[in-house]
Structures are given as C-alpha cells and as structure tokens.
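K.L.:
There's a structure below that I have some questions on.
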Amino acid sequence: MNVPEILSTHDVARFCGVTPRTVLRWVDAGVLPGYLTGGGRRRIQKGDLIQFMRGRGMELPDELQPMRNRVAIVDDDLLHVQMMQRLLRSMAPHLEIRTAADGFSAGALLFSFRPHLVFLDLVMPGLDGFDVCRRIRAEPEFEGTGVAIVTGHMSAPVRRRLTELGADECLTKPFRRADLRPILQRFVPAPQAAERTVAYG
C-alpha cells in the first residue's frame, strides 16, 4: 500500500490502534503535530506521525516502514539458503531477504513480500522452479520482478526452457560471488546516500 504524505485522523487512528477521538486529543494537546484544512478537518503529515510513534516506542506497521530493496530466496536446501543470505548481505547490507523452502510457500511469500528479485531453485517439493517461474510471469504485478534461477541441474535444454518461461538469469551451482553482482545491479538498485550511489561490494 502506498501511504500518502498527508493523513486523516482516521488514518492515524488505524496505524496507532486507537480511536480517531484519541488522535484529535493528541493534535489538540500539541503532542502530535497537525493542522486544520479550510474545511476544518485535521490533517497529519506522515513524517510527523512516524516521529511521534517512534518517540513513544510504538511499533511502526509495515506500511510506514522505510522502503527497502527486497530479495526472495526459494530453495529447499537450508545450507544453500544460509550461504546465499550471508553472501547477499555482505554485498548489500540494505537488502531485506525472505525465504521459502518449496514452491507452494513461494506463492504466498511473493504476493505478501513483493520482492524486486527472486533467486529460485528448480528441484523442490511440490511446485518445482519451472512452475513457480511460469506463475510469476503470468501475474501482471510481477512484471518488473527479476527471476534468477540457481540450480545444480543446468543444461542447454533446461536453460532454453527457462528462457522461454521468462527467467532473466540462470546460475549454475556452485557459482562465484562475482556472478551475483550484475544480477543485483540489474534488478535491485543500490541505495543513494549523500548524493552518491552506493555500489554493490
């Protein structure tokens, strides 16, 4: 959900788990910055709400969390998943990484997490990587999501089939750290800080 920069008292009440009347009291008391519209309605800036909630130790809902670049790893090999997580975090500490161990769990993860990039194994319980790739490419909302296949079962026919299904990249296990860098750069823009782009390590 894209939260607007200007919020109503009802919006604030929903984020804070209180009633709109409580929000009105906060604004009237000056503890939560707000202003009146020409029609006499109170409005609160999103940044002021975030600062207010943090200052009082209130948990920020996901909708108010700063946007982070999101990567999903779908693989039933726990050791490989842990290795991938360590490698990706060493290259890009700003990444938010979530995992799924099978094709069925991947579907729920992808719709709730909306990753920029998916590292996808081929051989898994339930739906295999071919099926997951096909389903990702069938959903319009994942049009910009990168799909990188990571498998120990790569061959020329498999690569052709994956390309036809819409996979963007194919990596063969074992792979090198350097193989990940161009994939991250293509699908997960590095954050900017102080007007400079932070490159992937």
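K.L.:
Packing-wise, with mean Cβ within 10 Å as the measure, how do 151-162, 113-124 rank, highest first?
P.N.:
113-124, 151-162
K.L.:
Please work out the average accessible area per residue across the range 71-160, using the 1.4 Å probe convention, and give it in Å².
P.N.:
For the range 71-160, the per-residue accessible area is 45 Å².
K.L.:
Cα axis of helix 20-29 to longest principal axis of the chain: angle in degrees, 0 to 90, nearest 10?
P.N.:
Roughly 60 degrees between the two axes.
K.L.:
Another question about this same structure. Gaussian network model of the chain, Cα springs within a sub-10 Å range: biggest mean-square fluctuation belongs to which of I50, I149, I97?
P.N.:
I50
K.L.:
What does the helix-only formula give at 222 nm for the chain: each DSSP H stretch with n ≥ 4 adding -39500 (n - 2.57), the total divided by the residues, and the result rounded to the nearest 500 deg cm²/dmol?
P.N.:
Only helices count here, giving -12500 deg cm²/dmol.
K.L.:
Let me ask something else about it. Name the residues whose placed amide hydrogens come within less than 5 Å of the amide hydrogen of T99, ignoring near sequence neighbours (fewer than 5 apart) on the same chain.
P.N.:
I73
K.L.:
Is the shape of the chain best called rounded, prolate or oblate, per the rule: a/c under 1.5 gives rounded, else a/b larger than b/c gives prolate, else oblate, with a ≥ b ≥ c the square roots of the Cα gyration tensor eigenvalues?
P.N.:
It comes out prolate by the Cα gyration axes.
The values are calculated or read from the model by the stated rules, or taken from the named source; none is laboratory data. In this text the structure is predicted, and so the values were computed from the model without any measurement. Here the Cβ is made from the backbone with ideal geometry for all residues, glycine too, and neighbour counts use every protein chain on show. Please note that ligands, DNA and RNA were not included when accessible areas were found on the heavy atoms of the full protein model with its side chains. Shrake-Rupley method; radii C 1.70, N 1.55, O 1.52, S 1.80 Å.
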